[in-house]
Amino acid sequence: MTSDAIDIDIDKSAITVTGTQQHEAWRSRAMPPVEQIAGGIWSIPVPFPDNPLRYTLTYLVPGKQGVVVVDPGWQSEDGWQALVDGLRTADIGIDDIVGIVATHVHADHHGLSGRLREASGAWVAMHPAERDSLPARIEQARSEPEGSRERVARLMRIAGTPESAINTFLEQFDKLDGPNVAELIEPDVLLEDGDSVPLPGRQLFALWTPGHTPGHVCLREPDARVLITGDHMLPRITPSVGLAPGAIGSPLPRFLNSLSRVAQYDDHEALPAHEYRFRGIAARSVQLQEHHFQRCREIAAAVDELGTPTIWQIAERITWSRPWAEVGRMQVAALVETMAHTTHLVEERELGWLSPGGLTGDVQPARLRRVRRTDSEERPIGEGLHR
């Protein structure tokens with residue numbers, strides 16, 4: 001699940017839109033065209049149904065002995081047809097595909113990888129930490145397996161969600177017609193940070209950018225000066241940074257460190273998985289970092305106001321792209337993002353859990369309290385994110 005569409009918009013004046021046709025299509029709520037871009041790379045929009053993001057931008061990276069597909073998209077008949085039509089426009093056959101890279105395993109990126117591997121015989125690659133976060137692997141590791149419906153309900157209760165809201169969400173959950181995330185396939189190739197994607201005749205390097213997911217990678221092509229950013233960096237909205245199942249510690253510091261790392265490629269064009277291409281990677285990195293500092297300040301202010309609030313009560317009061325009551329089924333993603341921020345503030349001793357164990361304890365719902373510091377200990381909220 002992704003919460004990309006619920007986060008706040010950030011000033012975009014420091015970035016330059018390069019995917020002008022994509023931008024116009026986004027504004028008119030149409031599908032963008034299949035395009036050949038820098039370095040002979042192709043961009044194909046694959047539909048992402050029933051989601052405000054509307055499509056995933058799949059990239060075809062040609063080499064001397066075949067083509068690598070990056071993020072094939074959401075598994076559906078419409079999605080498969082869009083991918084096949086895009087390949088035909090690029091004059092690339094299924095048999096030309098030698099590899100598939102998933103920047104991360106969310107279903108709108110990795111969903112079609114299995115069908116494409118079966119049709120082409122291509123290998124599938126991802127970072128080891130992303131392989132380990134595959135839903136089927138997480139389920140196998142649980143001592144007490146439970147269905148995704150039960151996990152969602154338990155998470156919402158830990159967050160202090162009213163039972164009426166839980167029931168409404170579960171009714172929507174039962175009607176969802178999407179891919180079975182437990183069937184997302186295992187990789188054949190593991191890409192560590194700095195590894196070269198095995199594509200003869202093309203330099204394409206993996207950059208490990210954890211945060212949105214534990215094993216998210218961007219792909220850098222130095223000759224064409226492009227950075228395929230997946231969901232790590234988008235031009236208009238900020239990707240979700242939520243507390244993953246079984247995660248140890250908040251992913252926020254890792255995400256912001258990853259942003260600082262990609263900022264060094266400011267001379268590259270950003271090729272994101274959603275919306276449109278742009279330049280201004282360093283400026284966008286700063287914008288996204290500031291968003292998360294502000295989110296931490298909002299959360300601390302909500303705790304000051306409420307005293308000992310639940311995650312749900314905090315999420316109701318902080319800024320999203322629409323009023324909380326209109327966030328709808330994306331509220332679960334908003335809750336896990338709020339959990340990531342509150343967990344970081346607990347780690348920084350700005351906040352504390354009212355009961356032992358916090359989110360993993362026996363008391364439901366988990367509640368937070370403000371930690372009062374001495375004058376010598378005082379520092380700006382969110383300062384720990386700068387590490």
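Coordinate-derived values only; no laboratory data. Being a predicted model, the structure only gives us computed values, none of them experimental. As a convention, Cβ positions derive from the backbone with ideal geometry for all residues, glycine included, and neighbour counts pool all protein chains shown.
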Check: Could you give the angle, 0 to 90 degrees to the nearest 10, between helix 252-262's Cα long axis and the longest principal axis of the Cα atoms of the chain?
Finding: 30
Notebook entry, point to check: Could you give the Stokes-Einstein D for region 202-276 in µm² per second, using the C-alpha Kirkwood radius, 4 °C, 1.567 mPa s?
Noted result: 102
Next item on the list: Using 0.36 nm per residue of separation minus the Cα-Cα distance, give me the extension gain between T360 and S260 in nm, one decimal.
Entry: 32.9 nm
Next item on the list: Quick one: give the max-minus-min coordinate of the C-alpha atoms of region 62-165 along each principal axis, largest first, in Å.
Entry: 54, 29, 18
Next item on the list: Measure of size requested: the Rg and Dmax of the chain, with Cα atoms as the atom set and Å as the unit; please supply both.
Entry: 20.7, 67
Next item on the list: Would you mind computing, in nm to one decimal, how far apart the modelled labels at E347 and D91 are, each placed 7 Å from Cα along Cα→Cβ?
Entry: 5.0
Note to self: Along the charge dipole of the chain, pointing to its positive end and built from +1/-1 on Cβ of Lys, Arg, Asp and Glu, which listed residue (L184, V332, L87) has its Cα farthest out?
What the structure shows: V332
Note to self: Only Cα pairs within less than 10 Å get springs; with that Gaussian network setup on the chain, which residue of N51, N167, N257 has the largest fluctuation?
What the structure shows: N167
Check: In whole Hz, what ³J(HN,Hα) sequence does region 60-72 give by Karplus (6.51, -1.76, 1.60; θ = phi - 60°), x for Gly and Pro?
Finding: 10, 10, x, x, 6, 10, x, 10, 9, 9, 9, 6, x
Check: Given a cut-off of under 8 Å on Cα pairs at least six residues apart, what relative contact order in percent is computed for region 313-376?
Finding: 23
Next item on the list: Name the residues whose placed amide hydrogens come within less than 5 Å of the amide hydrogen of E269, ignoring near sequence neighbours (fewer than 5 apart) on the same chain.
Entry: V226, L227
Next item on the list: Could you pull out every residue, at least 5 positions away or on a different chain, whose amide H is within less than 5 Å of the one on G211? Hs are placed 1.01 Å off N in the peptide plane, and Pro or chain starts have none.
Entry: H216
Checklist line | Amide H partners (placed H, <5 Å) of V101, local residues excluded | finding: V69, V70, D71, A125
Check: Roughly what would the spin-label model give for E171 and I248, points 7 Å off Cα along C-beta, in nm?
Finding: 4.2
Notebook entry, point to check: Taking only Cα atoms, what is the 0 to 90° angle, nearest 10, from helix 77-89's long axis to the longest principal axis of the chain?
Noted result: 40
Next item on the list: Please label the shape of region 53-104 as rounded, prolate or oblate, based on the square roots a ≥ b ≥ c of the eigenvalues of the alpha-carbon gyration tensor (a/c under 1.5 means rounded; beyond that, a/b larger than b/c means prolate, else oblate).
Entry: oblate
Checklist line | Nearest-0.05 FRET efficiency for E118 and D267, computed from C-beta distance (R0 41 Å) | finding: 0.60
Margin query: Among 272-280, 320-328, how do they line up by average Cβ neighbours within 10 Å per residue, starting with the highest?
Written below: 272-280, 320-328
Next item on the list: Give the residue from A315, P72, Q203 lying farthest towards the positive end of the charge dipole for the chain; charges sit on Cβ (+1 for Lys and Arg, -1 for Asp and Glu) and the dipole is referred to the Cα centre.
Entry: A315
Note to self: If each residue of separation counts as 0.36 nm, what is the full-extension length gain between R137 and R29 once their alpha-carbon separation is subtracted?
What the structure shows: 35.2 nm
Next item on the list: Would you kindly derive the ³J(HN,Hα) couplings of region 93-100 from the backbone phi angles with the Karplus curve 6.51 cos²θ - 1.76 cosθ + 1.60 (θ = phi - 60°), listing them in order in whole Hz, with x for Gly and Pro?
Entry: x, 4, 5, 7, 7, 9, x, 10
Check: Within region 187-277, what percent of beta bridges assigned by DSSP are antiparallel, to the nearest 5?
Finding: 65
Notebook entry, point to check: Can you give me the Cα centroid spacing of region 278-306 and region 76-134 in angstrom?
Noted result: 33
Notebook entry, point to check: Looking only at S148, S133, S250, which one moves most when the chain is put into a Gaussian network model with springs between Cα atoms under 10 Å?
Noted result: S148
Notebook entry, point to check: How far is helix 163-175 tilted off the main Cα axis of the chain, in degrees rounded to 10, range 0 to 90?
Noted result: 10
Check: Highest GNM mean-square fluctuation, the chain, Cα pairs closer than 10 Å: which of V152, V262, V336?
Finding: V152
Next item on the list: Could you tell me what percent of the DSSP beta bridges with both partners in the chain are antiparallel, to the nearest 5?
Entry: 70
Note to self: Nearest 500 deg cm²/dmol is fine: what mean residue ellipticity at 222 nm does the chain get from its DSSP H runs of n ≥ 4 alone, each adding -39,500 (n - 2.57), divided by its residue count?
What the structure shows: -10000 deg cm²/dmol
